[in-house]
Amino acid sequence: MQLPANFDSICLDGIMSDWLSSLREFSVEALVVLGPDPFAGHENRLVLALHPPRLLEAAQSLAASQDFGAPWRDSDAPLVAWQDISRSAFGDLGRWRRLWLAHGFQSVVRIAFPLTMGRSFECYLFSARQWPDRTEPSQLAWSALNIWPLLKRALAEARNPLSPRELECLELAFQGMTARKSGEMLACSERTVNFHLANAMGKLKVDNKLAAVRRACLFGLI
């Protein structure tokens, strides 16, 4: 089982903790970040970050569900969703809602940050309150939009399997550069660039540059 990245990253966990503290006036007591599993299928999601840690089972249940997953994204659904958990906790796909309800949570706001190929990163903000209208959910969505660049960078750094040089070569490949042109820009040989690209492909478990670039995007590296 892959644990959330902030469990082993002081920097990332600090960002999550500070963000949660800034949302106390909205009674937000839990944050979850889901993202695509780079090594699995279209519908598979991972819990990338979670605060507080005691809610891991509930967060994993959310990630394993179909709710807000690939079918939702493929239907041109909105990027921001607000839901009263208690009103939809007992359907066929309600296990994750029942778990969160058991922890005392009443409402959730979900904000998506789209990636390539219909994937996305998703931030979930859970509150112990029921919100009477869209005012507070809108403010929470605004909060997520503001912190996301910092949070995404910290997530990428915590999860990055590549060396700095391997990532540089992949970024240049993403820009359409050949190995020869990349070598000129990096002041090294074409052979060295291909060496780094081969290492990156091995770490990302693919056999070509295009697939490596795509998988790096799913990590949030590009």
Practice task
Output yes when any residue across segment 62-74 is of a type in the set (D, E, K, R) and within 15 Å of the chain's Cα centre (by Cα), and no when none is.
Solution key: yes
Completion exercise
The one condition Asp133 fails out of (1) touching an Asp or Glu at 6+ places or on another chain (Cβ under 9 Å); (2) in a loop (DSSP other than H, G, I, E, B); (3) more than 27 Å from Leu218 (Cα to Cα); (4) open to solvent by 30 Å² or more (accessible area, probe 1.4 Å) is (1)
Problem - Lone qualifier among Leu167, Leu162, Leu150, Leu155 - being hydrophobic (A, V, I, L, M, F, W, C) and surrounded by fewer than 16 Cβ atoms within 10 Å (Cβ to Cβ) - result: Leu150
Exercise for the section: Scan segment 12-25 and give yes if some residue there is open to solvent by 30 Å² or more (accessible area, probe 1.4 Å), touching a residue at least 40 places away in the same chain (Cβ under 8 Å) and under 17 Å from the mean Cα position of the chain (by Cα), otherwise no. Expected result: no
Practice task
Filter segment 99-119 down to residues that are modelled with pLDDT under 90 and not in a loop (DSSP other than H, G, I, E, B) and give me whichever is least open to solvent (accessible area, probe 1.4 Å).
Solution key: Gly118
Exercise for the section: Looking at (1) without any contact (Cβ under 8 Å) to a residue 60 or more places away in the chain; (2) closer than 22 Å to Leu115 by Cα; (3) of a type outside the set (Gly, Ala, Ser), find the lone condition where Lys181 falls short. Expected result: (2)
Exercise for the section: Would you check if there is a residue in segment 79-91 being under 26 Å from Gln2 (Cβ atoms) and among the β-branched types (Val, Ile, Thr)? Expected result: yes
Completion exercise
Filtering segment 58-76 down to residues that are out of contact with any strand residue (DSSP E or B) (no Cβ under 7 Å at 6 or more places or on another chain), more than 24 Å from Ser9 (Cα to Cα) and either modelled with pLDDT of 85 or more or open to solvent by less than 40 Å² (accessible area, probe 1.4 Å) (or both) yields Ser65, Asp67, Ala70
Practice task
Would you be able to tell me the number of residues in segment 120-130 that are buried (at least 21 other Cβ atoms within 10 Å of the Cβ) and charged (D, E, K, R)?
Solution key: 1
Practice task
Could you grab me the full set of residues in segment 184-222 that are open to solvent by less than 40 Å² (accessible area, probe 1.4 Å) and part of a loop (DSSP other than H, G, I, E, B)?
Solution key: Cys188, Val206, Phe219, Gly220, Leu221
Exercise for the section: Out of Leu46, Leu55, report the one residue that is open to solvent by less than 10 Å² (accessible area, probe 1.4 Å) and among the hydrophobic types (A, V, I, L, M, F, W, C). Expected result: Leu55
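The values are calculated or read from the model by the stated rules, or taken from the named source; none is laboratory data. Note that this is a predicted model, so its numbers are computed, not measured. As a convention, Cβ positions derive from the backbone with ideal geometry for all residues, glycine included, and neighbour counts pool all protein chains shown. Please note that ligands, DNA and RNA were not included when accessible areas were found on the heavy atoms of the full protein model with its side chains. Shrake-Rupley method; radii C 1.70, N 1.55, O 1.52, S 1.80 Å.
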